[in-house]
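The values are calculated or read from the model by the stated rules, or taken from the named source; none is laboratory data. Just so you know, these numbers come straight off a predicted model, no measurement behind them. Ideal geometry is used to build each Cβ from the backbone, glycine not excepted, and the neighbour counts take in all protein chains shown.
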Amino acid sequence: MPVIEIKNLVKQYGKIEALRGVTLDIQKGEIFGLLGQNGAGKTTMVKILLGITKPSFGEASLMGEPVGTASVRKRVGYLPEDHRFPDYHTGYSLLDFYGSVLGMPGKDKKQRIEEMLELVGLKGRMHYKIRTYSKGMKQRLGVAQAIFHDPDVIFLDEPTDGVDPRGRREIRELLLQLKDEGKTIFLNSHLLGEVELMTDRVAILDRGELIRLGTTEELTQQRGLYVIGLAEGEEFPRAEVSKLGCEVTHNDGLYEVALKEGQNIDTILDLLRERGLRLRHLTEKHTTLEDLFMQTVEAAEPGVDRPVRRRRPTR
Amino acid sequence: MKFLAILKDSLRETLDVKLFYVLGALSVLLILFVASITYKPEPMEPRIKSFAVMVPLAIGITQDLQAKDETRGLIVQPDVKNFEQLDKDKGPWEAPFRFTLLLTLLATRDEDRGHPFGKKGGGEGPEHVETDKDRELIAEGKKRLTPDYVQRMVKQGIPFVKDVEVKPAEGEHDQAAFTVTTNGTTFKSRKEWFHTPALFFGALEVPMPVPMPLGIIIQFIGDWIVGTFGTAIIMFLSVIMTASFLPSMLNKGTVDLLLVKPIHRTSLFLYKFTGGLLFMFLNTALIMGGIWLALGLQTGIWTNSFLLCIFIYTFQFAVFYSVSALAAVFTRSPIVAILASVALWVLLFAVGWTHWWFIEKGREQKPPSETQHWAYVGYDAVHTVLPHYKDVDWLTTRLIVEELVSKIQADPADREKTNKQLDKDYGAYHWRTSLLVSGLFIVVVVGLACWRFTVRDY
């Protein structure tokens, strides 16, 4: 049974449709990345799943229960994008407060708070007021508060925003560790490189519509584009391959072959064998998630506060 | 558990606001100020002297003598000498005392009318030359001023003296002198006795046109310094301080973190609202408790209604805080929340005062005309539906006065007189109506704010 289940979810703010019939399932133990431009509806979707915002139409459930119930919220952790912790708290007192609201027993809470703050590298500053923390420290505190009550599903909106490279790596490792423990992680991030490194599946949301969904591997794969290398001194039969309807480009001793629609790489490999050529390199070409994202949303209108930059398509 | 956590959070937020310390300092200063007021008992001698002037000694004698000679009369001028408090350890209101009552007799004639004391009395009339007839009249008067007679007159003229004993004493030829000994006064305690207050532990005496009983001074302090100015300042500062509680919780990025916790939005809102009230309650408890203690220790008058005021003032604050909360939920702005509360305060103050002054007092003075009648009905309606903030204020004043009256006025007739005056002033206002209407207002406004918070998308 999926941990997160969304069926035909619609959210309207007056005449604006923030979500337009999104349907999605996320399985237990998955790290799921949701991508989209600003204003694409990512945060709205997360807020609906957390019960902070109500959907206009459609259904959403978490762990088999309708979203927003107290029992569901108890098993959910959340780090919002522009979080503002009350700055009259210290790191310790904030977790203590949230722990009490979550109904954690006193002894467990105290122990857990210290463990968590140590895990995110804030133990030495845990009794300092939050207003004295740097942005990165606040972010690490945010991650700590999202996971310290041991939730089953964790929603993280830009978890590494403002965090230095070392901190980002630590957070990444922490999330992978949580995944290994069976937690489901729902990730919103603009740092596509990070998403690519962590996520099992990715969805791209554009103006409220889900336009791509799949494993990171599937989405970044460039179907029909192969890189071929031959033994030293051997000439690639470029003209013959082109006659088969493929596009061939030479790049740094390797040849990129773009197959025509419906064609299989075996046709090219058979040709090379017939000519007695020795194959030394063969890979199916992948794109980066960032490139995929840019290609996907290229045709879309600019987001609310970030224009789409046109980039040269990767071949 | 969750409730306590949110209260603790509100307390933490409060302690983080610098204004809280200002308010705390102001509260402590107010308590210290009240504690520094000392109350010096008025000595008995000037009291006796001022009352002795009014002893109606001459009335009966003059009437008798005038029956004999209509052209002549006799004036008796009392004076008090050799006053002595017999027990120095006791207060003036309880100690026995002795004094010489010196009655100077002065014969008057028709030509002296308008200047009965002539030059002898320090006036500017013609020189008073005592004739034989005058001397006869004076001797006759002295004969009639017997100790028994004087004792009766003293009891009438100085009604608070107890067990008066009058003995003849030596005086001039035109004087009747008596030694008056009393066994204290009818004042039952210090609080009934006249006192002069002084600020800062006696350093600055407060000039008073007439010395007042201690209970009346306490009533003034309780009603005006504490009840009116003190609470107005505290209420105002509390409104400012608590106005940011809900907006800061509703900040984008803060509210999300609370809304994902397993706590119902209604509970969250009500707990946070209660946190604001708790702030006011604690602050009022500190001030009213402190003042109750300070006044009680200083004067021995334990005005318990001051303690009841803690709840009353918190209730009044809830009226303003509910509007502040409603404004906060709709706008998330502390400034708007403050402005809304202050606007309501001004409105309720104005409606309360004008209703009391123009309507209640107006009706008392003369029956309203037809136009006035409908204007009054309209104003009554406005007054009725709005929270009865000012009415509660007056009812609180009445509560304090009634308690003090019961503690300081020994005479039931005096108490009844005061209570009648209180009835006249505030009889149109009742606790039940005032609390019910104001309470309903709070419920409706908080309910509306709560509903908005519950249904809103954040």
Exactly one of these conditions fails for A:GLU218: (1) of a type in the set (Asp, Glu); (2) within 30 Å of A:ILE26 (Cα to Cα); (3) in contact with a Phe, Trp or Tyr (Cβ under 9 Å, 6 or more places away or on another chain). Give me its number.
(3)
Output the residues belonging to the stretch B:127-162 that are modelled with pLDDT under 75 and either within 49 Å of the chain's Cα centre (by Cα) or among the hydrophobic types (A, V, I, L, M, F, W, C) (or both).
B:VAL129
The residue from A:LYS11, A:LYS47, A:LYS74, A:LYS28 that alone is free of Cβ contacts under 8 Å to residues at least 24 places away in the same chain and in the same structural domain as A:VAL202 (by TED's automatic domain parsing) is A:LYS47
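Might you let me know whether the stretch A:65-85 holds any residue that is among the basic types (Lys, Arg) and out of contact with any Pro (no Cβ under 8 Å at 6 or more places or on another chain)?
Step one: filter the stretch A:65-85 for residues among the basic types (Lys, Arg), giving A:73-75, A:84.
Filter again for out of contact with any Pro (no Cβ under 8 Å at 6 or more places or on another chain), leaving A:84.
The answer is yes, given that some residue of the stretch A:65-85 is among the basic types (Lys, Arg) and out of contact with any Pro (no Cβ under 8 Å at 6 or more places or on another chain).
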Across the stretch B:1-45, which residue is farthest from the other protein chains (Cβ to nearest Cβ) among those that are touching a strand residue (DSSP E or B) at 6+ places or on another chain (Cβ under 9 Å) and in a helix (DSSP H, G or I)?
B:GLU45
Is there a residue being closer than 20 Å to B:CYS450 by Cβ, surrounded by 14 or more Cβ atoms within 10 Å (Cβ to Cβ) and without any contact (Cβ under 8 Å) to a residue 12 or more places away in the chain anywhere in the stretch B:222-244?
no
Could you tell me whether B:THR284 is surrounded by 23 or more Cβ atoms within 10 Å (Cβ to Cβ), more than 14 Å from chain A (Cβ to nearest Cβ) and not in a helix (DSSP H, G or I)?
no
Only unsatisfied item for A:THR220, checking (1) under 33 Å from the mean Cα position of the chain (by Cα); (2) modelled with pLDDT of 90 or more, is (2)
Listed by first then second residue, the pairs whose first member lies in the stretch B:398-417 and is assigned by TED's automatic domain parsing to the domain that holds B:TRP302 and in contact (Cβ under 8 Å) with a residue 12 or more places away in the chain, whose partner is surrounded by fewer than 20 Cβ atoms within 10 Å (Cβ to Cβ) and of a type in the set (Lys, Arg), with beta carbons under 7 Å and at least 6 positions apart or on separate chains, are B:VAL405/B:ARG415; B:GLN409/B:ARG415; B:ALA410/B:LYS188
Can you confirm whether B:GLY289 is surrounded by fewer than 23 Cβ atoms within 10 Å (Cβ to Cβ), away from chain A (no Cβ under 13 Å) and at negative phi?
yes
Among the residues that make up the stretch A:102-117, is at least one of them modelled with pLDDT of 90 or more and either small (Gly, Ala, Ser) or not assigned by TED's automatic domain parsing to the domain that holds A:LYS129 (or both)?
no
How many residues does the stretch A:228-267 hold that are hydrophobic (A, V, I, L, M, F, W, C) and under 23 Å from A:GLU218 (Cα atoms)?
6
Quick check on my filter: what residues within the stretch A:53-63 are within 30 Å of A:MET294 (Cα to Cα) and either in contact with a Phe, Trp or Tyr (Cβ under 8 Å, 6 or more places away or on another chain) or at the interface with another protein chain (Cβ under 9 Å from one of its Cβ atoms) (or both)?
A:THR53
Specify which of the listed residues (A:GLN145, A:GLN111) is out of contact with any Gly (no Cβ under 6 Å at 6 or more places or on another chain), within 26 Å of B:ARG265 (Cβ to Cβ) and not hydrophobic (A, V, I, L, M, F, W, C).
A:GLN145
Under the condition of being under 17 Å from B:LEU268 (Cα atoms), in contact with a Gly (Cβ under 9 Å, 6 or more places away or on another chain) and at the interface with chain B (Cβ under 7 Å from one of its Cβ atoms), which residue from the stretch A:64-84 is surrounded by the most Cβ atoms within 10 Å (Cβ to Cβ)?
A:ARG73
Among the residues in the stretch A:26-46, are any within 11 Å of chain B (Cβ to nearest Cβ), not hydrophobic (A, V, I, L, M, F, W, C) and not in a strand (DSSP E or B)?
yes
If I filter the stretch B:295-310 for residues that are surrounded by 18 or more Cβ atoms within 10 Å (Cβ to Cβ) and free of Cβ contacts under 8 Å to residues at least 24 places away in the same chain, do I get at least one hit?
no
Could you tell me whether any residue of the stretch A:88-96 is crowded, with 19+ Cβ neighbours inside 10 Å, small (Gly, Ala, Ser) and in the same structural domain as A:LEU197 (by TED's automatic domain parsing)?
yes
Conditions (1) under 30 Å from the mean Cα position of the chain (by Cα); (2) under 20 Å from B:ILE6 (Cα atoms); (3) β-branched (Val, Ile, Thr); number of the one not met by B:ILE263:
(1)
Can you find even one residue in the stretch B:256-271 that is surrounded by fewer than 19 Cβ atoms within 10 Å (Cβ to Cβ), under 30 Å from B:ALA25 (Cα atoms), more than 12 Å from every other protein chain (Cβ to nearest Cβ) and of a type in the set (A, V, I, L, M, F, W, C)?
yes
Within the stretch A:270-287, residues under 36 Å from the mean Cα position of the chain (by Cα) and modelled with pLDDT of 90 or more come out as A:ARG280, A:HIS281, A:LEU282
Kindly check whether there is at least one residue in the stretch B:224-241 that is within 14 Å of another protein chain (Cβ to nearest Cβ), out of contact with any strand residue (DSSP E or B) (no Cβ under 9 Å at 6 or more places or on another chain) and of a type outside the set (Lys, Arg).
yes
Here the residues within the stretch B:282-303 that are under 16 Å from the mean Cα position of the chain (by Cα) and polar (S, T, N, Q) are B:THR299, B:THR303
Residue count for the stretch B:13-46, restricted to those that are surrounded by fewer than 16 Cβ atoms within 10 Å (Cβ to Cβ) and of a type in the set (Val, Ile, Thr):
2
